[in-house]
Each structure stands twice: as C-alpha cells, then as structure tokens.
Amino acid sequence: MKLSIQPGDITTLTVDAVVNAANSQLRVGGGVDLAINRAGGPGIQAEARRIRVDQYPDGLPAGQAVATTAGDLPARWVIHTVGPVHSATEDRSDTLASCYRESLRLAASLGVASIAFPAISAGVYGWPIGDAARIAVQTSREMSDEVAATVREVIFVPFGEEAVRAYDAALAG
Ligand code: APR
C-alpha cells in the first residue's frame, strides 16, 4: 500500500474515493465540504441527507464514516467522515484516528483501490496541522493487511504550504 502527498484541490483528483471532512448533520458547511459539494453537484447532498434521516437521525458521530455518490467529481465515491473539534483540555486524538480507520475500512468494503484524504479537523475544527498530519499518516500506516490488500493507494491532499510541510514531515517520520 502506497502513501503519497498531492497538494491542491482534492475535488480534481481521479481516485476511487475522495474523503470529505463533514459535520455530524451531513449538511454542507464550508472548507473542503463546500468544495466537494460545489464540484460534485446536488446528488451528493441528496444522498447524504437520506443517509442522515434514515440511519443517523441524531447525526453521524465523530469518528464514523458513510459513503455517497461522488456526483460530477472524477471520483466514484465520497466518504464523509466527521472529525472531532480540537480541544485544548481533552485529548480527542483517537476520534481523529478513527476517521481514517473507519474511512479506510469502509473504502475496502466498497472495493476502493485509491483514496484521497484532506486534513480532517485541521480547518474549521481547529486541529493543529502538524498533529493532524501525524495522526493521518500514522493511522493509515497501521491499516490492517486485509484493508491494505484492497486500498492500494492513500493520497494525502494538503491545502497550503504549511500543510504540505506538515505532511512531508509526517511521511518522513
Ligand atoms: N481540497 C483539499 N483540502 C481542502 C480544500 C480542498 N478543496 N478546501 C479546504 N481544504 C482543507 C483545509 O485547508 C483544511 O486543512 O481541508 C482541511 C479541513 O478543513 P475543513 O474543511 O474546515 O474541515 P474541518 O476542520 O474538519 O471542519 C469541518 O467545517 O466545512 C465545515 O461542514 C464542515 O462543519 C464541518 C467543518
């Protein structure tokens, strides 16, 4: 399984699955969520709304993941995961790690061979980018052999110079 960095706009990548940094209501917000929904079109939100109403009436818990169509994106799926909001007093690292674990597990169950991740929680949810990148890379490296047998390529998509440096450092670690 290959880990790589591809800076830029995640909506342009031709991968099997693009991961969205969603909120628990699966309602379009800002950041990468808005970019994915703008580029992918209304079909993504229509499916996300149905999933939330049918399966998660109280909202998708942080750390969990669901899949929808990717609409007009070059990808096949959008995997929506809800990152934890960063807290200075409570260590929510394992919930952030769960976003990657659950997204990868779901991707494998869908037969996804290539997946692209933004820096979950590192925007609106305030997670320091260095630590967010470290958790992303470390958790992906710990992927089970069973998942890694299907998900052959994991691409991290840093947005901005600081994020690129953070992922370079995380991959070198
Ligand atoms: N491609 C790749 N990465 C992007 C893009 C893009 N087009 N747009 C933003 N990013 C980066 C941000 O710079 C940040 O590093 O994605 C990372 C995650 O930031 P957010 O999108 O703000 O996600 P998050 O911090 O997890 O907050 C989620 O924000 O947008 C709302 O609906 C979303 O309520 C949810 C919350």
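The values are calculated or read from the model by the stated rules, or taken from the named source; none is laboratory data. Here the structure is a predicted model, which means the values were calculated and not measured. Heads up, the Cβs are rebuilt from the backbone with ideal geometry, glycines too, and the neighbour counts pull from every protein chain shown. Side chains included, ligands, DNA and RNA excluded: accessible areas come from the protein's heavy atoms. Shrake-Rupley method; radii C 1.70, N 1.55, O 1.52, S 1.80 Å.
Here are the numbers for this structure:
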{"read-out": "Computed over region 11-67: relative contact order in percent, which uses C-alpha pairs under 8 Å that are six or more apart", "value": "36"}
{"read-out": "Solvent-accessible area per residue for region 18-173 (1.4 angstrom probe, square angstrom)", "value": "45"}
{"read-out": "Cα-Cα pairs of region 15-173 separated by more than 27 Å (percent)", "value": "16"}
{"read-out": "Percent of Cα-Cα distances greater than 14 Å, calculated over region 107-151", "value": "56"}
{"read-out": "Kirkwood-type radius of region 119-173, with distances r between different C-alpha atoms, in Å", "value": "11.7"}
{"read-out": "Selection of GluC sites (Glu not before Pro), region 119-173, meeting DSSP coil and at most 13 other Cβ within 10 Å", "value": "Glu142"}
{"read-out": "The chain, relative contact order in percent, only Cα pairs under 8 angstrom and at least six apart counted", "value": "30"}
{"read-out": "Mean-position separation - Cα centroids, region 127-173 and region 1-71, in angstrom", "value": "18"}
{"read-out": "Most fluctuating residue given options Thr14, Thr69, Thr89, as computed from a GNM of the chain linking Cα atoms under 10 Å", "value": "Thr89"}
